[in-house]
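Worksheet for the structure shown next.
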Amino acid sequence: MSIRTITFDAIVVGGGGAGMRASLQMAQSGFKTALISKVFPTRSHTVSAQGGITCAIASADPNDDWRWHMYDTVKGSDYIGDQDAIEYMCNVGPEAVFELDHMGLPFSRTEEGRIYQRPFGGQSKNFGEGGQAARTCAAADRTGHALLHTLYQQNLKNGTQFYNEWYASELVKDDEGNVCGVIAIDIESGETVFFKAKATVFATGGAGRIYASTTNALINTGDGVGMALRAGLPVQDIEMWQFHPTGIAGAGTLVTEGCRGEGGYLINKDGERFMERYAPNAKDLASRDVVARSMMMEILDGRGAGPDGDHVFLKLDHLGEEVLHSRLPGICELAITFAQTDPVKEPIPVVPTCHYMMGGIPTNVHGQAIKLSGGHEGEEQFVNGLFAVGEVACVSVHGANRLGGNSLLDLVVFGRAAGLYIEDQLRQGMTQYEPTDANIDEAMARLRRWDESTSGESIPALRKELQSVMQNHFGVFRKGDLMAEGVAKLADLRERIGKAHLDDKSKPFNTARIEALELENLLEVAEATAIAAEGRTESRGAHSRYDFPDRDDENWLCHSIFDPKAKKLGKRDVNFKPKTVDTFQPKARTY
Amino acid sequence: MKVSIYRYNPETDREPSMKEYEVDTQGKDLMVLDILALVKEQDSSMSYRRSCREGVCGSDGMNINGKNGLACITPLSQVAPGVLEGKKPLILRPLPGLPVIRDLVVDMGMFYNQYEKVQPFLQNTSPAPAIERLQTPEDRAKLDGLYECILCACCSTSCPSFWWNPDKFLGPAALLQSYRFLADSRDTATEERLSKLDDPFSLFRCHGIMNCVSVCPKGLNPTRAIGHIRSMLLERGI
């Protein structure tokens, strides 16, 4: 099997915030770097981030301290975030955010000319003792858009080589399992190419499209997780899915937590501000898992609004037109477009909606991918040649529940960190692992499978079925027997997707082929999620079980590790050893 | 309802054609993007771009019953009278003026080239401070209506001046971005930026037709930005 080979020192797969922050670092280093993205980079999902980037830059509060941010993040993670990684993120954060300003990101400003910061959920001063903090740096409610465009502009300036609208379909490994690069398809021409590199960086984002209702872009199909799992590599804490409290009911589009940061609040059908009952201190700014569960309990107890009683409301009109139009202009647009509701006049119908994948490919702070010698158990080893940053990675800074505004910080801090580390490694001389023709041929197998398919079920129907299984069996509240049923349904879907049919086999801009390949990635993520969710017999963070309603620190104060080969769930230690501060010990988590 | 879609696959078609589809909307006021998804379920070979499905990524700019817009935030009721009711067809074509790769997918190369020509990145030669570069809320407000551009190309591909000179006239999107940096108090390359625009084509081919303003899905006003640059060029010339 001979296909064209393109060789680089490093390749980055994914053109969102994490990928472009990594590629920018490497482009500045002068090493030969390419960024492969299935969409033009500014179409990546980072563009949809609204409220901001949380970081202790001490603008809103001159005494703010990154250690307070660290405390909040550890608590928010329900204590399975790695404390060394969280320490690194919160400590390096200000430098990374100031760099973004220097690059031109149009942050909103305070009267002093500094970056505007707004309150977000789960934020506190003085290690939870000093009341609500305002730590989320914002560009109105379009922070992700501003960040993504700024990073793209800087990559243009620094000469990053882009392969836009190229789709990475599979990892290429040598016989020892070292990563040699990826197979990618030029979507425009249909040509398939082997990208060979010493370092392959996955920055492929999340996979919210495994659920029927999600805030995620249509492109969030878990391509990196899918490739890793097919390559036999493990994923960590993949059962941990964040349901954002405020997706617009029906449409799923995101309404930023910044709305509640600016003073908005949730009401049930009776107009009651119900969060006061569930989180008496933080109220509507409790962390997302807490707010999402509270909303679902209101709905399940019959206090939901609408003909089917299936949503609650986000009230904003009391903030006044001026605040709404200056601080939350994008939300006003989205509410009018997708809920036919003008928030200046009436509340927005909202419902918890799948938003973020806390789990992913386990890495260290340099982005190096980690596996265990025995699949789901054994000693930790690096996956040579493979790195992961951003949502696809599990460093883990988010643990069982991510705090709002921490994803953008995660992207820039760890995209940058991976870039710096790879640059250093390349200088010292990194190995280029060489695949055999058989290795490449193996990585091409699933492309061939689709091209040779002659009959079978259609791709959109199978995708819908998968999404509804995840929605109905692995939602905000979970239960053992229901999840077991879901696992069985996914096994059946795996069988059927393996025999599904691609009816259009043409080459130029064939999006049906891409959707077929994406469907297989959705399946990998869904199955890993299902098995891990069934296996974690406790409730922690976003993972909430009727049959195991309590946190079980004795057995589950750890990461889960899903091994795709044996389909087994193992455990991995959480890091409780930050370098410069004392360990934050697990305690009861209340807001 | 009836949907008529521009089809062209360079592998099999000698020339483009319009293909008719029948879609059941159950009377709902769906977005044009939802209709495309329903058509794709019937005919997987019909290609289009899409990503965020909420009007912020700029992937699905297309010509909808004669007017450029984003499929994901254009409800049927806003396309034209009678479309929602099924009395008139929904007619979808690729953005005009750019080469078609396949179906509704155009080659955006020329559009991106013009964007890159304006050096769309902050330039400041003074050493960066240890914190952010300070900017007053008033100075920051000058970027509103500029930085929100999503590069969907609806404006430039509705501009007759861009149709005629897509290589020499920068077009409304690129000029809006040019002004975004000219207006930024943190940028110090004003003179260099202006001198690059001071020729008969780059900017001065704008004839104030204002199609760009009428189609911009984000409600931005490239014509006004172009006017500001004109004023800066004039002041500089005095």
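Extending 7 Å from Cα along the Cβ direction at B:Glu20 and again at B:Asp198 yields two label points whose distance is 5.9 nm.
How large is the Kirkwood hydrodynamic radius of the stretch A:317-455, in angstrom, based on all distinct alpha carbon pairs?
Numbers: mean 1/r = 0.0508 Å⁻¹.
Evaluated over the stretch A:317-455, this radius sits at 19.7 Å.
If you average the sequence gap of Cα pairs under 8 Å that are 6 or more apart and divide by the length of chain B, what percent do you get for the contact order?
Relative contact order for chain B comes out at 18 percent.
For the stretch A:367-456, the set of GluC sites (Glu not before Pro) satisfying both a DSSP loop assignment and a count of at most 16 other C-beta atoms within 10 Å is given as A:Glu377, A:Glu379. Its DSSP H runs of at least 4 residues, each contributing -39,500 (n - 2.57), put the calculated 222 nm mean residue ellipticity of chain A at -11000 deg cm²/dmol, to the nearest 500. I need the shape label for the stretch A:527-591. Rule: rounded when a/c is under 1.5, else prolate if a/b > b/c, else oblate, with a, b, c from the alpha carbon gyration tensor. The shape class here is oblate. Fewest neighbouring Cβ atoms within 10 Å first, the residues B:Leu170, B:Leu182 line up as B:Leu182, B:Leu170. The phi-based Karplus calculation (6.51 cos²θ - 1.76 cosθ + 1.60; θ = phi - 60°) puts the 3J(HN,Hα) values of the stretch A:455-471 at 7, x, 6, 8, 5, x, 5, 5, 5, 4, 5, 4, 5, 6, 4, 5, 4 Hz, whole numbers, x for Gly and Pro.
Could you state the orientation-averaged shadow area of the convex hull built on the Cα atoms of the stretch B:71-138, in nm² to one decimal?
Details: hull surface 37.7 nm².
Computed as one quarter of the Cα hull surface, the answer is 9.4 nm².
In the frame of its principal axes, the stretch A:158-291 has Cα extents of 60, 33, 33 Å, reported largest first. For the stretch B:101-140, the residues whose amide N sits under 17 Å from a probe point set 7 Å from the Cα of B:Glu191 along the beta carbon direction are B:123-126.
With R₀ fixed at 25 Å, the C-beta to C-beta distance from B:Asn124 to B:His228 puts the FRET efficiency at about 0.80. The per residue volume of the convex hull around the alpha-carbon atoms of the stretch A:133-221 is 200 Å³.
Starting from the Cα gyration tensor of the stretch A:245-315, take the square roots of the eigenvalues, sort them a ≥ b ≥ c, and report rounded, prolate or oblate (rounded when a/c is under 1.5, otherwise prolate if a/b is larger than b/c, else oblate).
Working: a/c = 1.67, a/b = 1.18, b/c = 1.41.
Cα axes put the stretch A:245-315 in the oblate bin.
Peptide B:180-189 is shielded by partner chain Cβ atoms: per residue, an average of 1 of them sit within 10 Å of its Cβ. Rounded, prolate or oblate: pick one for the protein assembly as shown, where a ≥ b ≥ c are the square roots of the eigenvalues of its C-alpha gyration tensor, a/c under 1.5 means rounded, and failing that, prolate if a/b is larger than b/c, else oblate. Taking the square roots of the gyration eigenvalues as a ≥ b ≥ c, the protein assembly as shown is rounded. Just so you know, the Rg over Rh for the stretch A:236-374 is 1.07, from Cα atoms, with Rh as the Kirkwood radius.
What FRET efficiency comes out for the pair A:Gln585/A:Glu111, r = Cβ-Cβ distance, R0 = 41 Å, nearest 0.05? After rounding, the FRET efficiency stands at 0.55.
Could you list log10 I(q)/I(0) for the stretch A:429-542 at q = 0.12, 0.14, 0.16, 0.24 Å⁻¹, which the Debye formula gives when each Cα is one point scatterer? Per q value, in the given order, log10 I(q)/I(0) is -0.56, -0.70, -0.82, -1.27.
Each value in this text was obtained by applying a stated rule to the coordinates, not by laboratory testing. Every value quoted in this text rests on a predicted model; they were computed, and no experiment measured them. So basically every Cβ, Gly included, is an ideal-geometry build from the backbone, and we count neighbours across all protein chains shown.
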